[in-house]
Amino acid sequence: MTKQQKSEIINFLAAEFKDSLAIVVCDYKGLTHKELETLRKEARANNTKVQVAKNTLVTVAAKNAELGDVELSGTNIFLWSDDQISACKVADKFASTNKEKFAIKSGIIEGKISDASTVNAFAKLPSREELLGMLAATWMAPVTNFTIGLDALRKKKEEEAA
């Protein structure tokens with residue numbers, strides 16, 4: 001790999017990491033190409049990006065993105081997204097189906113280096129869409145109950161009039 005190629009990868013990763021709120025570092029030793037493609041497909045569906053890169057290049061990219069000193073070793077695959085939850089969910093779901101070959105090592109969530117248990121805790125949280133749905137249902141409950149009450153009152157008045 002030439003210096004220019006390394007520089008391009010570092011610049012790309014630094015720009016991506018700067019814009020992301022969650023970066024998950026996972027060990028993928030032993031995964032087949034087909035299994036990696038399954039991970040990439042699942043990630044794409046959840047607006048998460050996946051990249052395998054050399055640890056030294058990622059360390060430099062993390063420094064350039066002002067994320068601090070990241071210590072990496074072994075075979076790593078990196079997942080990142082624009083929100084804190086989706087990258088964690090994708091990694092956690094894939095790790096649960098491929099326990100022998102895929103493991104969450106650590107992560108960087110909102111600029112802070114986190115361990116695997118923190119990444120797993122974020123994976124258990126509801127997504128933004130789920131939270132918005134819960135909020136809408138809570139806001140609509142009084143209106144729904146009021147409408148049901150008015151309809152019951154209307155039916156009662158009609159029965160009394162008949």
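The values are calculated or read from the model by the stated rules, or taken from the named source; none is laboratory data. The model shown is predicted, which means the values in this text are computed figures rather than measured ones. Don't worry about glycine lacking a Cβ; one is built from the backbone with ideal geometry, like all the others, and counts go over all protein chains shown. Surface accessibility is based on the protein's heavy atoms, side chains included, excluding ligands, DNA and RNA. Shrake-Rupley method; radii C 1.70, N 1.55, O 1.52, S 1.80 Å.
The residue that is farthest from ASP115 (Cα to Cα), counting only those in region 12-63 that are of a type in the set (Asp, Glu) and in contact with a Lys or Arg (Cβ under 8 Å, 6 or more places away or on another chain), is GLU35. Candidates are the residues of region 51-93 that are hydroxyl-bearing (Ser, Thr, Tyr) and part of a loop (DSSP other than H, G, I, E, B); the one that is least open to solvent (accessible area, probe 1.4 Å) is THR75. Quick one: in region 33-45, of everything that is in contact (Cβ under 8 Å) with a residue 24 or more places away in the chain and of a type in the set (D, E, K, R), which residue is surrounded by the most Cβ atoms within 10 Å (Cβ to Cβ)? Looking at residues that are in contact (Cβ under 8 Å) with a residue 24 or more places away in the chain and of a type in the set (D, E, K, R), I get GLU42. The residues of region 3-32 that are surrounded by fewer than 16 Cβ atoms within 10 Å (Cβ to Cβ), in contact (Cβ under 8 Å) with a residue 40 or more places away in the chain and not in a helix (DSSP H, G or I), listed by number, are LYS29, GLY30. Could you list all residues from region 1-37 that are of a type in the set (Gly, Ala, Ser) and within 15 Å of THR59 (Cβ to Cβ)? Answer for region 1-37, where residues must be of a type in the set (Gly, Ala, Ser) and within 15 Å of THR59 (Cβ to Cβ): SER7, ALA14. For ALA136, all conditions in the list (1) open to solvent by less than 60 Å² (accessible area, probe 1.4 Å); (2) within 19 Å of the chain's Cα centre (by Cα); (3) of a type outside the set (Asp, Glu) hold save one; what is the number of the exception? The failed condition is (2).
For region 91-118, a residue qualifies if it is closer than 18 Å to LEU131 by Cβ and not charged (D, E, K, R), and exactly one does: ILE109. Just one of (1) in contact (Cβ under 8 Å) with a residue 12 or more places away in the chain; (2) open to solvent by 50 Å² or more (accessible area, probe 1.4 Å); (3) β-branched (Val, Ile, Thr) fails for THR48. It is (2). Selection of region 66-90 for residues being under 30 Å from GLU130 (Cα atoms) and among the aliphatic types (A, V, I, L, M) yields LEU67, ILE77, LEU79, ILE85, ALA87, VAL90. Among the criteria (1) surrounded by fewer than 11 Cβ atoms within 10 Å (Cβ to Cβ); (2) touching a residue at least 24 places away in the same chain (Cβ under 8 Å); (3) acidic (Asp, Glu), the one GLU160 does not fulfil is (2). Of the listed requirements (1) more than 14 Å from SER20 (Cβ to Cβ); (2) basic (Lys, Arg); (3) not in a helix (DSSP H, G or I), ARG40 misses just one: (3).
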